[in-house]
Amino acid sequence: MKISVSTTGLEVAPFLVIGSGIAGLYTALKLAELAEVILITKETLEESNTTYAQGGIAVALNPPDSPEVHYNDTIKAGAGLCLPVAVDVLVNEGPERVRELIDLGVPFDAEAGALLVTREAAHSFSRVLHADGDATGREISEVLTRLAKAHPKIKIKENHYAIALLTGEEGCYGVLTLDEQGTIYPLLAQATVLATGGCGQLYLHTTNPKVATGDGLALAFQAGAPLADLEFIQFHPTALHLADTPRFLITEAVRGEGGILRNAKGHRFMPAYHQQAELAPRDVVARSVLLEMEKTGTDHVDLDLSLLSPELIQHRFPNIYETCLSYGLDITKQSIPVAPAAHYLMGGVAIDLNGRTGLPHLFACGEVANPGVHGANRLASNSLLDGLVFGHRIVAYLQAHQVSFAQIPAHLAASYHVETDPQQLTTDWLALKRMAWANLGIIRQEEGLRQAQAFLSAATPNQNPALTTSYLELQNMRLLARLMLAAALERQESRGSHYRADFPETNPAWAKRIIHYPHGMEFIPGDQPFAWAW
Ligand SMILES: Cc1cc2nc3c(=O)[nH]c(=O)nc-3n(C[C@H](O)[C@H](O)[C@H](O)COP(=O)(O)OP(=O)(O)OC[C@H]3O[C@@H](n4cnc5c(N)ncnc54)[C@H](O)[C@@H]3O)c2cc1C
């Protein structure tokens, strides 16, 4: 559906930021040093993937580690699809951004004045900073939220849902928003920054909170900004698997400290799959866990912590310890039942090195964006860093360049989908999640992907449904699922997190990206930067 929105009498703010995870909050704080910022977010400021991040933030601060080694680890994990020039930016600008977080007051764990670092899968060195043990994201979110709330130049609008981007001749002019009273109204800005995070809620099992419904990806695409690498979604191998509890993440750091995966027969299986055993890349561990579950006919495997002392568990993983205890599981005495869950989208709105999207005046950073740093598989703990580094790049660009409209049109366009029956909302959501888990999950093949396409081709066009957040989220998820399916079908090989049972090998001819334009898919070599002409 495309509607026309009048701009009569509306003010145009310098900057608008959509989303309040690490990317949105940090970017808003830095932009506020330049001019006024409007920050909208669909629930409270604190509700985001960021808040749930546990393991920490990867950064090469001290020798013998170096940005060069961090670069090599990132490129290796990305399975041939990282954009080298973007990874270079990430690892070299990362240390400065993390020092800035420390200066802002994020209390990273330290002993005798030295920052503590841990090692995660596929990292050559211990380089992951953490805060309050395993509550890194919560600590970051709390500090940035407090600063944003206190900033006189940031106007915060919580419980404001971004329905659609507003477009016109010169690009993106802002957003059409739905507030908690159900009022729909436009917000205009010279520069709009999308920082709406990922899309884990597409799947039946996910580590992501309810807000992670891929809205920003659908909004950008419908407004004309290309998306890329959507076939690559990372599944975390170890999410808590207890009846009637959320799929709470059990961070990789638990395996880093000595946790061992055992199947239903008590057998340690990871050494048979990979030389790095429990610390193999995430896609390898996730597939191995799934195969072991299938072999033994169970819905989980066990994470055995008997090599970790109760003191270490309580001190290093207080958040996991307390959460499991609240579900009746004492992990100082019992193994943790775990299973894979959808975790992180490597693909996203294609951005250049300044965070610019293919739509003029629209920028993006964080998980919604794709600067090319994660390739086909993200190196653990690189995503918090990614949000900071490219958020900062957007601010630097806007500081150096005048981004303003020649003219504000009398009317702007807003496009969004309304293709399901609002009466069927709950049933439709569940059916979509089941479909995605079964056919667009850890192991894919043509038959399942085509079944899923057929499922999504059935729509109930609805010209005038009441617009609620969850109705609109479902529309966005359906659009995104279609694009992800198209890419997953097209990529007839296995690479990184994308595993095709019918094409199990990596094909060097596929070292290229799939870009989704409104007119269809295009391909570019994996090492070619996104370049936008504005
Ligand atoms: C359980 C868990 C553990 C993790 N652990 C780590 C880790 O240890 N290290 C690491 O680097 N990464 C980790 N990650 C990944 C990392 O947390 C995320 O990739 C990162 O926090 C994303 O930040 P962001 O700011 O881009 O998005 P988010 O933090 O997800 O924030 C997105 C914001 O946008 C808002 N929003 C979304 N849609 C709309 C809309 N339509 N209108 C208005 N607002 C909207 C949301 O409400 C939210 O405020 C973890 C993720 C999870 C789920």
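Each value in this text was obtained by applying a stated rule to the coordinates, not by laboratory testing. Not measured: the values here are computed from a predicted model. Note: ideal-geometry Cβ built from the backbone for every residue, glycine included; neighbour counts use all protein chains shown.
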Subject >> Note, ³J(HN,Hα) from phi for the range 429-438, Karplus 6.51, -1.76, 1.60, rounded to Hz, x at Gly and Pro >> reply: 4, 5, 4, 5, 4, 5, 4, 5, 5, 6
Original post:
So what is the relative contact order for the chain, in percent, with contacts set as C-alpha pairs under 8 Å and at least six apart?
Top reply: 22
Subject >> Vicinal HN-Hα couplings computed from phi for the range 172-187 (Karplus, 6.51 cos²θ - 1.76 cosθ + 1.60; Hz; Gly/Pro x) >> reply: 9, 10, x, 9, 9, 10, 10, 9, 6, 7, x, 7, 9, 8, x, 10
Original post:
Each label point is 7 Å from the Cα along the Cα-to-Cβ direction; what then is the distance between the points at HIS151 and GLN445, in nm?
Top reply: 5.1
**OP:** With no solvent and one equal point scatterer placed on each C-alpha of the range 161-305, evaluate the Debye formula and give log10 I(q)/I(0) for q = 0.18 Å⁻¹, two decimals.
**Re:** -1.01
**OP:** Considering Cα pairs under 8 angstrom that are at least six residues apart, work out the relative contact order of the range 3-131 and quote it in whole percent.
**Re:** 21
Subject >> Taking THR207, THR183, THR296 and counting other C-beta atoms within 10 Å, the order from fewest to most >> reply: THR183, THR296, THR207
**OP:** Treat each spin label as a single point 7 Å out from the Cα along the C-beta direction, and report the LEU325 to THR460 distance in nm.
**Re:** 4.7
**OP:** Quick one: compute the contact order of the range 148-296, relative version, from alpha carbon pairs under 8 angstrom and 6+ residues apart, as a percent.
**Re:** 13
Original post:
Short version: ³J(HN,Hα) in whole Hz for each residue of the range 295-303, in order, from phi by Karplus 6.51 cos²θ - 1.76 cosθ + 1.60 (θ = phi - 60°), x for Gly and Pro, what are they?
Top reply: 4, 9, x, 10, 9, 6, 10, 10, 9
Original post:
Farthest toward the dipole's positive end in the chain, which of ASN462, THR118, CYS199, given Cβ charges of +1 (Lys, Arg) and -1 (Asp, Glu) about the Cα centre?
Top reply: ASN462
Subject >> the range 8-82: GluC sites (Glu not before Pro) in DSSP loop, at most 11 other beta carbons within 10 Å >> reply: GLU11, GLU33
Subject >> Modelled FRET efficiency - R0 56 Å, MET1 with LYS76, Cβ distances, 0.05 increments >> reply: 0.80
Original post:
Say the dipole of the chain comes from +1 at the beta carbon of Lys and Arg and -1 at that of Asp and Glu; which of GLY358, LEU176, ILE320 then lies farthest toward its positive end?
Top reply: GLY358
Original post:
Between their Cα atoms, which of LYS42/LYS210; LYS153/LYS210; LYS76/LYS512; LYS30/LYS153; LYS2/LYS157; LYS2/LYS155 are more than 20 Å away from each other?
Top reply: LYS153/LYS210; LYS2/LYS157; LYS2/LYS155
**OP:** For each of ILE313, ILE57, count neighbouring Cβ atoms within 10 Å of the residue's Cβ, then give the residues from fewest to most.
**Re:** ILE313, ILE57
Subject >> Neighbour-count ranking [beta-carbon atoms within 10 angstrom, fewest first] of ASP527, ASP103, ASP244, ASP283 >> reply: ASP244, ASP103, ASP527, ASP283
**OP:** Would you grab the residues whose amide H sits under 5 Å from the one on THR420? Only those 5+ places off in sequence or on another chain, please, with H modelled 1.01 Å from N.
**Re:** THR460, ASN462
Subject >> Cα-Cα P(r), the chain, percent of pairs per 10 Å interval >> reply: 4, 20, 31, 28, 14, 3, 0
Subject >> Added length on full extension, which subtracts the Cα-Cα distance from 0.36 nm per residue, THR296 to GLN528 >> reply: 79.1 nm
Subject >> Loop-resident sites, the range 273-368, for trypsin sites (Lys or Arg not before Pro), counting at most 14 other Cβ within 10 Å (DSSP) >> reply: LYS333
Original post:
Which of ALA488, LEU31, TRP532 sits farthest toward the positive end of the charge dipole of the chain, with +1 on the Cβ of Lys and Arg and -1 on the Cβ of Asp and Glu?
Top reply: ALA488
Original post:
Taking H as built 1.01 Å from N, whose amide H comes closer than 5 Å to the amide H of GLY355, not counting residues under 5 places away?
Top reply: none
Original post:
Sequence-distant or interchain residues sharing an amide H contact under 5 Å with LYS512, placed H: which?
Top reply: GLY526
**OP:** Subtract the Cα-Cα distance of GLU96 and THR183 from 0.36 nm times their separation in residues, and report this length gain in nm to one decimal.
**Re:** 27.2 nm
Original post:
For the chain, what is the percent of antiparallel DSSP beta bridges, rounded to the nearest 5?
Top reply: 70
**OP:** Starting with the highest mean, order 379-390, 127-138, 191-202, 219-230 by the number of other Cβ atoms within 10 Å, averaged over the residues of each peptide.
**Re:** 191-202, 379-390, 219-230, 127-138
